[in-house]
Amino acid sequence: MNFELGTDEIALINSVRQALGRTATLSAARDALDGGQRADLWPEAVKGGWNDLPELLYGALVLIECGRVLAPTGLLGHLTARFAVPNLDASKRTAYVPLDGKYVPDAAEAEVLVAETPDGGLLLVGQAEVEAVGNYDASRPLGNVTVHSGTPVDGDARHAWNVAQTLLAAETLGASEAALAMAVGYAKQRKAFGRAIGSFQAIKHQLTDGLRLNENARSLLYYACYAAGSAEFELAANAARFAADQAIGVVTQRCIAIHGGIGATWEHDAHLYFRRAQLTRLLLGGQAGAGEKVVTHVISG
């Protein structure tokens, strides 16, 4: 089976990179941590048509690029809701709310909320309280949501959850690949004992291990997009989520280590990706929850 991206997919990636490159998202994230205004790229997402994509793979490709530059576009919550309830108005900023309603990505700035119900259905929220929470990763707005009323809509909460895992995996993979590229770039430039540190075996092994984890996550992510709507989707989505979290956890730590003292400073970008790694693994059921689903599926056959 051929999983190579086609011309349309490559054109989409290039256009997203070009659009996101117009905003200094990393500088904005650092400024927001220091009390400044956080960047909001939802208008850029609407302008590019990323808020109304036709299939999950396109959403994943866009979110990989968003994760690469830690761009707060609101697309993680919006596209999850859109793919779960396709007849929603794509022009309205939407977020998917899991059953617990805690630390929900993109909920704090959404115009429309689609919430999971205890019976496994979905609800178009009418009245709700949304409290903006957390500032550990200023590029990832979160909200606690308490739903008071709403209207049932056609949709499956289980499918929505798996879509969310897939899209979160995509965004996480993009951030992990960017952190690895940062580490590789520094290893080529920094010299010790008259040689680039990247020529030393200890550094090579750390970078190669990060590449292996990223490529494993990418393969699982593509398969999850392929399996969407099939009986294998839940396993594939949660496996991709777990692998992406594992990759970014290892890569961001090694990125800081390879940079040495400068990697731990406020002025360097490495800590921004480390923050993303530490927060992401706790969201939407967490890495442990995704791993448990994979194990349960494998054991049950």
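Structure notes:
- Given (1) modelled with pLDDT under 95; (2) of a type outside the set (A, V, I, L, M); (3) not assigned by TED's automatic domain parsing to the domain that holds G77, number of the condition T172 does not satisfy: (1)
- Helices (runs of 4 or more DSSP H) fully within segment 1-80 that include at least 2 residues being surrounded by fewer than 20 Cβ atoms within 10 Å (Cβ to Cβ): 7-20, 25-33, 42-48.
- Pair list, Cβ < 9 Å and 6+ apart or interchain, from segment 79-102 residues that are among the aromatic types (F, W, Y) to residues that are in a strand (DSSP E or B): Y96/V104; Y96/P105; Y96/L113; Y96/V114; Y96/A115; Y96/E116; Y96/L122
- Flag for Y96 being part of a strand (DSSP E or B) and either modelled with pLDDT of 95 or more or more than 19 Å from G134 (Cβ to Cβ) (or both): yes
- Sole exception among (1) at pLDDT 95 or above; (2) part of a helix (DSSP H, G or I) for G198, by number: (1)
- Meets criteria (more than 26 Å from Y226 (Cα to Cα) and not in a loop (DSSP other than H, G, I, E, B)) for A108: yes
The values are calculated or read from the model by the stated rules, or taken from the named source; none is laboratory data. Only a predicted model underlies this, so the values are computations on that prediction, with no experimental measurement involved. Neighbour counts are summed over all protein chains in view; Cβ atoms, including those assigned to glycine, are modelled from backbone coordinates with ideal geometry.
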